1. With r defined as the distance between the Cβ atoms of GLU66 and ARG135 and R0 fixed at 41 Å, what FRET efficiency is calculated, to the nearest 0.05?
2. Tell me the carbon and sulfur percent of the accessible area for the stretch 39-293, rounded to whole percent, probe radius 1.4 Å.
3. Considering the stretch 39-293, what Rg and Dmax in Å follow from its alpha-carbon atoms?
4. If I build a Gaussian network model for the chain, linking alpha-carbon pairs within less than 10 angstrom, which residue out of THR376, THR41, THR259 has the largest mean-square fluctuation?
5. What FRET efficiency, computed as 1/(1 + (r/R0)^6) with R0 = 45 Å and r the Cβ-Cβ distance, is obtained for ASP213 and VAL18, rounded to the nearest 0.05?
6. For the chain, modelled as a GNM with alpha-carbon contacts under 10 angstrom, which of HIS314, HIS122, HIS207 fluctuates the most?
7. For the stretch 274-409, what is the largest minus smallest coordinate of the Cα atoms on each principal axis, given in angstrom and ordered from greatest to least?
8. Could you tell me what percent of the DSSP beta bridges with both partners in the stretch 1-159 are antiparallel, to the nearest 5?
Amino acid sequence: MIDIKQVRADFPILNQQVNGEKLVYFDNAATSQTPLPVLNTICQYYLKENANVHRGVHTLAERATEHYERVRQQVADFIHAASSNEIIFTRSTTESLNDIARGLGDNILQPGDEIVISIMEHHSNLVPWQELAARTGAKLKYIELDNHQELDLNSATEQITPKTKIVAVTAASNVLGTINPIKQIVQLAHHAHAWVVVDAAQYVGHHVVDVQDWDADFVAFSGHKMLGPTGIGVLYGKQDLLNIMHPVQFGGEMIEDVTRQRTTFKKSPLGFEAGTPNISGAVGLGAAIDYLNKVGIKNIEKREQSLANYLLPHLQKIDHLTLYGPQDHHTGVFAFNLDGLHPHDVATGLDLEGVAVRAGHHCAQPLMHTLGVTATARASLAFYNTKEECDQFIQSLVAVKEFFSNGLG
């Protein structure tokens with residue numbers, strides 16, 4: 001069980017008014033809020049440990065290095081990786097995915113090869129593969145949606161062929177409120193001798209992750225979507241694949257030896273972490289993992305599903321509201337439109353009521369085109385949200401709808 005009062009006390013940002021109304025923060029899919037224990041850990045790092053890592057032999061440098069590498073092991077344990085050497089720190093999910101496309105894709109793809117992604121992908125897991133296909137002459141193919149606006153496994157079976165070299169899919173949609181069957185996709189891809197890249201930005205921190213159980217070849221995610229700071233991301237890769245992947249950034253710390261004409265690089269993970277890393281970001285990520293483990297991922301999953309189950313029928317009862325994704329279940333992500341209203345107007349109206357939601361194409365324009373819209377509004381929940389906030393959101397949404405329908409806008 002989650003002590004919601006204690007949890008809420010750890011997030012003082014939630015205890016404020018916006019436009020004279022109690023804040024309801026329903027933009028968690030964009031970025032989660034950061035609890036006090038994480039903020040305090042980052043502060044203590046700067047107060048007591050701040051130094052560059054892997055370079056100095058003085059006490060502060062050794063403290064910083066030990067802390068930085070301890071977090072690497074924390075991440076490995078959190079996602080059940082086989083070794084901390086399979087954990088590379090990056091700036092973001094986006095950078096992690098670009099590193100794979102550049103460091104592996106550029107070296108293995110040839111004209112006529114295939115890259116398969118889903119139509120629901122965030123641009124971060126779409127544009128790098130478009131660019132890779134353009135550079136190498138490979139063909140980019142899409143897994144489509146089924147009638148419930150979930151990933152169509154029949155389409156996946158059709159699209160993944162012996163020519164497929166990379167399959168890249170999201171573990172959970174940032175628009176549709178769906179969770180994809182990663183294990184089945186991995187099995188299909190591996191049967192075709194393709195490698196699988198999983199964008200887990202919307203999944204890690206909400207559900208238990210076991211990369212070895214998935215058997216995914218690469219997994220990418222970001223700290224700021226799992227209670228951590230911005231500017232820190234993770235790239236997990238199987239050790240044998242990291243051994244053949246080439247670094248795409250070059251500079252200090254990641255080298256083994258440099259002569260006038262030649263450079264050799266360290267093995268994973270340091271060989272992929274050029275320059276001074278985001279040390280405080282990694283420290284904050286470790287504290288976020290500590291917090292998530294303390295609350296309990298299964299408890300978080302259960303609470304968020306309870307909130308989603310509570311909110312779903314309330315949204316479905318609103319006349320002239322279109323809800324995207326499956327209609328009988330949802331993660332805590334709800335994309336919707338009100339007939340005749342632009343999503344930006346809906347979001348602005350909700351903000352005047354103190355409710356923070358997202359509006360736009362959510363970095364998923366091909367998905368928007370598939371849905372037949374240019375944009376949606378999106379409410380996204382976290383475990384620190386409450387049913388009372390869901391009620392306030394619904395009441396505010398109805399008020400916004402009535403305001404515009406009465407012609408007052």
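1. Details: r = 40 Å, r/R0 = 0.98.
About 0.55, to the nearest 0.05.
2. Details: 5090 of 10500 Å².
Its accessible area is 48 percent carbon and sulfur atoms.
3. 18.6, 61
4. Largest GNM mean-square fluctuation: THR259.
5. Working: r = 41 Å, r/R0 = 0.92.
Approximately 0.65, to the nearest 0.05.
6. Between HIS314, HIS122, HIS207, it is HIS314 that shows the largest mean-square fluctuation.
7. 54, 35, 29
8. Details: 3 of 8 bridges.
Rounded to the nearest five, the antiparallel share is 40 percent.
The values are calculated or read from the model by the stated rules, or taken from the named source; none is laboratory data. Keep in mind it's a predicted model, so treat the numbers as computed, not measured. In this analysis, Cβ positions are derived from the backbone assuming ideal geometry, glycine residues included, and neighbour counts consider all displayed protein chains. Accessible surface is based on the protein model in full, side chains and every heavy atom, while ligands, DNA and RNA are left aside. Shrake-Rupley method; radii C 1.70, N 1.55, O 1.52, S 1.80 Å.
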